[in-house]
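Presented below is the structure to which this report refers.
The values are calculated or read from the model by the stated rules, or taken from the named source; none is laboratory data. Because the structure is a prediction, the values reported are computed rather than measured. No Cβ is skipped: glycine too gets one built from the backbone with ideal geometry, and neighbour counts run over all protein chains shown. Ligands, DNA and RNA are stripped out before the accessible areas are found, and what is left, the full protein with its side chains, is counted by its heavy atoms. Shrake-Rupley method; radii C 1.70, N 1.55, O 1.52, S 1.80 Å.
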Amino acid sequence: MNNNLLQNNGKSNSRVSSISEKQLLALDAMSKLANQFSNKPDFDKLISTLLLTLSGQFTVSDIFTILYKPGVHDGKSTYFGFGKFKENDSLKSLKLTMGLRRYFLENNNGGFVPEIDTNDYEPKFKPIVKEQRVEIICPIIHGDNLIGFIGMGRRITRKDFDEGDIELFSTFINTITPLIASSYHFWELTQLSSWYHDILNNVKQGVFVFDGEYRLKNVNKAAFDILKIFIPQLVYPESMQKMPLEEVFPEKVFKNWAEQLTNKISKIDSDNITELIAQSADTKSFYDVFVCRISGETEQEENIIITLDDITERKNAEIQEKKLQEQLERAQRMESLGILAGGVAHDLNNMLGPLVGYPELMLMKLPKDSPLRKQITIMGRSARDAADVIQDLLTLARRGRYEMVPTDLNEVIENYLDSPSFIQLSESHSNVEKKINLTENIGPINGSAAHLAKVVMNLIVNAYDAMPDGGGLTISTTQENLTSLPSGYSKIEHRDYIVMRVRDTGMGMDLKDKERIFEPYFSKKKMGSSGSGLGLSVVYGIVLDHKGYYDIKSKIGKGAEFMIFFPVVDKLEKTNEEVFDYSGNEKILVVDDIEEMRNLASAVISSYGYTVKTAKNGHEAIEYLEKNEIDLLVIDMIMEKGFDGLDTYKEILKIHTAQKAVIISGYSSTSRVEKMQELGAGKYIKKPFTREILGQVIREELDRTLVPENRS
């Protein structure tokens, strides 16, 4: 600015007075502009209005500005223009360089373009504005920052600009600069608010903001979605403004939440409340809750932030993992017990063999009126009962051998319900009402009818035992397409299952008893009151061997329902039973390392008319067969260490390549039995055996003509 303008003379005073009036007008115009945009400054509209105001004050049509726009942080500037300067590529090419910043900071006021000297700062600047007929330039400076500059072309009246116009121009700009700067701050706050809002609505945790009086101020999308699950009547987040904490978390769904949260907030700290549960009729969710209190000068200015982290998936996974771990531990316990049971069963079977077999032979030789027949019959029956218990031990050990064929479970159940044992059981519990609901035309399952009958029997006996004072027993079957068990804890193969349910109205069980119910000898009944103590353990082993599943529903005093699931297989094909004549005159070699069992087998087989030779081990049998031929080999599976039935049979096949054989054992490894059968051996008989079973299997094997060629 020219210093002459500040000299105190008449002419100058007149000019100063005139300028002061214009400044007042400028201030008034800028004041109105500031009021218009002070509450919510729209940057683009503010600059456009500023340029139009300046255009009117200085009677110019060509005006432009180049300035930094809020939010643009890449060094690029924004151009606004009117009149001929509206679309001016040359002016648009100007940049707010560091050189221009230094020049305008050193020369704060604007000036006439001809007087501007930017050669040492930004050489391209002056030639461009001069060529485009820009008359005056004024910088927009806030603090030490060059925000931009404004330039005007020639007046419409063609009147030249003077020093007073320059000063008035600067006054306009200096007056409006704080508002321009405030628009920057407002934009930053708006962006910060938008940024905060975007972040808040994109975090997976639910965030609730309350004031010091526990009234809701804000929620993010995740928080509203959580509430919406349990309180469907909520419409939109704004409808919850100023809602009290106890209404945000109603007691019916969020039990004890309000009390726990209030107690945590009152401690004025930040901490977690773990595993709060929200539950409605059909939904249950688990949350980790974080509470943070930010103090303010008043309760309204205070912020209480509650964050919910949904851990339902993790919690359910932990529950499932715990359930699977418990199942694994239970299976391992059952496996350990099975190994023990299998070993005991093997020894007991060898001991019981003579007790089961010899009574039959003795009865054949005794006169019909002999007084000994009754005692021997009782002895034989007791031995067979003991053999049944041992068979249960083998089933528990899961070392029994099953003949698996398509089986109608309804038929198995009906056969048991017609059996003398069930009739006797039912008569002894006449105060129990029975309901039988077997769905007709269900699909077959792959199973052993004899073993499935044990499942049916043991579940029904268990149900009767649970109702000593009477009640109701329901036995039902259905065919269902399932992907999981009713308890929901175990996923199963997606397919059709035959579901057998045995439900009683007895004493029921708690969770602890349910977890142990299949363990041998675990019972809530009085010791010795009924059964061997292996009933449900046998069920467990047979169900697993049939690739089935089990599930239990029970509550104390509400009875129990046992559910067994067997996979459905292809269409059932029934075959007619064959009747055998067990006698013969063939030559048979019995191989067993237990002398009593050798003698018993020899006596039983001889009673059918066969010629019998014996060998005490595999080596002796091989030595005999090197010089002799036999029609059938009856061989024990477990003999001397390192040379069992399979090893013996392999060596015999080198001598007699088509040698027929029957396998006998009280304990065996299924894989070695199967390998022996692959080599050509016939059926497998479990010890202790009856005369009829042994005679039937021997006759069947002798009559069998097909011998596998695979002898490797």
For the cross-link pairs 454/613; 547/616; 641/686; 255/323; 374/660, which exceed 32 Å when the distance is taken from alpha carbon to alpha carbon? 454/613; 547/616; 374/660
Going by accessible area, probe 1.4 Å, with all protein chains left in place, what is the ranking of 369, 211, largest first? 369, 211
Once you sort the root eigenvalues of the Cα gyration tensor of the stretch 95-176 as a ≥ b ≥ c, which label holds: rounded (a/c under 1.5), prolate (a/b larger than b/c) or oblate (the other case)? oblate
If 117, 44, 551 are ordered by their accessible area, calculated over protein heavy atoms with a 1.4 Å probe, which sequence runs from highest to lowest? 117, 44, 551
Could you sort 254-262, 502-510 so that the peptide with the highest average Cβ count within 10 Å comes first and the rest follow in order? 502-510, 254-262
Past 28 Å, Cα to Cα, is the threshold; run 284/558; 627/683; 45/92; 204/264; 365/675 against it and keep the listed order. 365/675
Integer Hz, Karplus 6.51/-1.76/1.60 couplings in order for the stretch 417-427, x for Gly and Pro: 5, 8, 7, x, 5, 6, 4, 5, 4, 5, 5
Nearest-10 value in Å² for the accessible area of residue 405, using the 1.4 Å probe: 80 Å²
Please turn the phi angles of the stretch 605-616 into ³J(HN,Hα) values with the Karplus equation 6.51 cos²θ - 1.76 cosθ + 1.60 (θ = phi - 60°), one per residue in order, whole Hz, x for glycine and proline. 5, 4, 5, 8, x, 7, 8, 10, 10, 10, 9, 8
Using the Karplus equation 6.51 cos²θ - 1.76 cosθ + 1.60 (θ = phi - 60°), what ³J(HN,Hα) coupling, rounded to whole Hz, does each residue of the stretch 250-262 give in order, writing x for Gly and Pro? x, 4, 4, 9, 9, 4, 6, 5, 4, 5, 5, 5, 4
Round to the nearest 10 and report in Å² the accessible area of residue 407, as given by a 1.4 Å probe over the protein chains' heavy atoms. 10 Å²
How big is the accessible area of residue 404 in square angstrom, nearest 10, if you roll a 1.4 angstrom probe over the protein chains? 70 Å²
